[in-house]
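Right, one structure below, let's go through it.
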């Protein structure tokens, strides 16, 4: 029975090599028959979901495509869709803005009113990826000093109302929420919405570790440390906790004998951290703020502008998003699409907008299920052909084709460091990778030896081998694609 099932699956899968357009040829089929035969006969992929789509960008012809196209979990190649949509809607020169303003009047050296920080959804404020944004608070202090303000009688207003109050998508899993890659998008985000927990581990394995410090200092943070030392020389520590909840539990292991081992975590409330830091900086600058911190919407008619901090250009942001696979940036882009469309940035409305956007471009979005912008949700499901068609659109029909193309890493950079340079010389491959437990996907552009440029997507779901073995299989397939 097992042998018969396997044979049936091979016959079924090889149907994808049958031409669906007149441009497909048996030569294309022959190149891939051996590889796909081996894939389907291997015990590692016998139960896996496999999705492949390859389009010739010169004429839009689909060269190779698995049939039928099945919706599969894309992991981080979902960022291709989010960044492409944002680039099309906002343009490469778009910049997020964060505003410092006040309400009331200034008399002599006293502001009779509130100081207000109004978030514009900027994901790069103080980001490690953009060092030029790190000194924004010093700039704000300078503007206050230039206005000769030494006393503020009112409150500090933190307005993050541009986005919904729920920072993270509802479909993210518990294990991800407290960790750095599970940081949620807020109307006011700062320092990539993450903080560092510095741990010290004893020389022996299976012993309790000690928290040395937390950077930056998070207001009211309660850490329960259950991390132990280990012979395993890798970070196996995970942080658990709900968004906006200051209580966190750290479980797992870190390598033994470490005097300062850093574990990164997602920030419970970025607005609260920024408020705490800015109040301290105001005080150190000799400015007295008498009121409390309030988290509410500012009244535009009462705002007097002091300073506007602008993010780097969107083209730079999406390049970092795709090169470094930054979940936070992608979630900001998704919420900002919703904000731009309806006036409130929500994950749900952002997903709806993206799907409709590509429907309006003529793409068949049947079976395209989007639940976040970064691909961290396992509720996402797309087909390989949908992603390949979006890539083809961005290359052949978009006015932002070059910016998008450059946003994808080439071999040896970002998420493509696992591929061999000699297999893809002269930057012949630009692609986004996506990985989760039992998931490995790639989507991007490939230049062939004959001069063709292809848009491609390869998706493997629920394989039984290691990530490195799955990656090797896909790399071998892409090497063969270069022979077209």
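The values are calculated or read from the model by the stated rules, or taken from the named source; none is laboratory data. Quick caveat: nothing in here was measured; it's all calculated off a predicted structure. Neighbour counts run over all protein chains shown; Cβ positions are idealised from the backbone, glycine included.
Could you check, for segment 325-335, whether at least one of its residues is modelled with pLDDT under 95 and in a helix (DSSP H, G or I)? No - not one qualifying residue is present in segment 325-335.
Applying the criterion of at least 3 residues that are touching a strand residue (DSSP E or B) at 6+ places or on another chain (Cβ under 6 Å), within 30 Å of residue 400 (Cβ to Cβ) and at pLDDT 95 or above to the strands (runs of 3 or more DSSP E) found wholly in segment 54-152 leaves 97-102.
May I ask you to verify whether residue 357 is over 19 Å from the mean Cα position of the chain (by Cα), in the same structural domain as residue 324 (by TED's automatic domain parsing) and within 24 Å of residue 60 (Cα to Cα)? Before the answer, list the steps.
On the way: over 19 Å from the mean Cα position of the chain (by Cα): yes; in the same structural domain as residue 324 (by TED's automatic domain parsing): yes; within 24 Å of residue 60 (Cα to Cα): yes.
Against the criterion (over 19 Å from the mean Cα position of the chain (by Cα), in the same structural domain as residue 324 (by TED's automatic domain parsing) and within 24 Å of residue 60 (Cα to Cα)), residue 357 qualifies.
Would a scan of segment 295-313 turn up a residue that is closer than 28 Å to residue 356 by Cβ, under 21 Å from the mean Cα position of the chain (by Cα) and crowded, with 19+ Cβ neighbours inside 10 Å? Yes.
If you go through segment 271-294 and keep only what is more than 33 Å from the chain's Cα centre (by Cα) and free of Cβ contacts under 8 Å to residues at least 60 places away in the same chain, you end up with 283, 284. Looking at segment 200-241, which of the residues that are in a strand (DSSP E or B) and touching a residue at least 60 places away in the same chain (Cβ under 8 Å) is farthest from residue 253 (Cα to Cα)? Taking the candidates together, the pick is 240.
Go through 406, 356 for me and flag whichever is part of a helix (DSSP H, G or I), touching a strand residue (DSSP E or B) at 6+ places or on another chain (Cβ under 9 Å) and surrounded by fewer than 24 Cβ atoms within 10 Å (Cβ to Cβ). Reasoning before the result, please.
Numbers: 356 fails: touching a strand residue (DSSP E or B) at 6+ places or on another chain (Cβ under 9 Å).
Just one listed residue meets the conditions, 406.
How many residues does segment 428-483 contain that are assigned to a loop (DSSP other than H, G, I, E, B), crowded, with 19+ Cβ neighbours inside 10 Å and out of contact with any helix residue (DSSP H, G or I) (no Cβ under 7 Å at 6 or more places or on another chain)?
Of the residues in that region, 0 qualify.
From the list 279, 251, which residue is outside the structural domain of residue 213 (by TED's automatic domain parsing) and over 30 Å from residue 406 (Cβ atoms)?
Details: 251 fails: outside the structural domain of residue 213 (by TED's automatic domain parsing).
Result of the check over 279, 251: 279.
Taking the criterion of being surrounded by 18 or more Cβ atoms within 10 Å (Cβ to Cβ) and more than 30 Å from residue 86 (Cβ to Cβ), would at least one residue in segment 258-274 satisfy it? Taking every residue of segment 258-274 in turn, at least one turns out to be surrounded by 18 or more Cβ atoms within 10 Å (Cβ to Cβ) and more than 30 Å from residue 86 (Cβ to Cβ).
Per the conditions (1) more than 26 Å from residue 176 (Cβ to Cβ); (2) in contact with a strand residue (DSSP E or B) (Cβ under 9 Å, 6 or more places away or on another chain), the sole criterion not satisfied by residue 285 is (2).
Against the definition (over 26 Å from residue 159 (Cβ atoms) and outside any helix (DSSP H, G or I)), how does residue 315 come out, yes or no? When the stated conditions are applied, residue 315 does not pass them.
In this structure, is residue 385 more than 19 Å from residue 87 (Cβ to Cβ), touching a residue at least 24 places away in the same chain (Cβ under 8 Å) and surrounded by 21 or more Cβ atoms within 10 Å (Cβ to Cβ)? So residue 385 fits the description; yes.
Looking at 341, 392, which is the one that is touching a residue at least 12 places away in the same chain (Cβ under 8 Å), part of a helix (DSSP H, G or I) and surrounded by fewer than 17 Cβ atoms within 10 Å (Cβ to Cβ)?
Values: 392 fails: surrounded by fewer than 17 Cβ atoms within 10 Å (Cβ to Cβ).
Being touching a residue at least 12 places away in the same chain (Cβ under 8 Å), part of a helix (DSSP H, G or I) and surrounded by fewer than 17 Cβ atoms within 10 Å (Cβ to Cβ) holds for just one of 341, 392, which is 341.
Taken over segment 63-89, the criterion of being touching a helix residue (DSSP H, G or I) at 6+ places or on another chain (Cβ under 7 Å), over 19 Å from residue 372 (Cα atoms) and surrounded by fewer than 19 Cβ atoms within 10 Å (Cβ to Cβ) is satisfied by 67 alone.
Among the residues of segment 125-167, which ones are at positive phi and surrounded by fewer than 20 Cβ atoms within 10 Å (Cβ to Cβ)?
Residues of segment 125-167 that are at positive phi, as a first pass: 126, 148.
Answer for segment 125-167, where residues must be at positive phi and surrounded by fewer than 20 Cβ atoms within 10 Å (Cβ to Cβ): just 148.
Could you check segment 166-184 and list, in sequence order, the residues that are part of a loop (DSSP other than H, G, I, E, B) and farther than 20 Å from residue 369 by Cβ? 167, 178, 183, 184, listed by residue number. Considering the conditions (1) in a loop (DSSP other than H, G, I, E, B); (2) touching a strand residue (DSSP E or B) at 6+ places or on another chain (Cβ under 7 Å), residue 197 is excluded by exactly one of them, (1).
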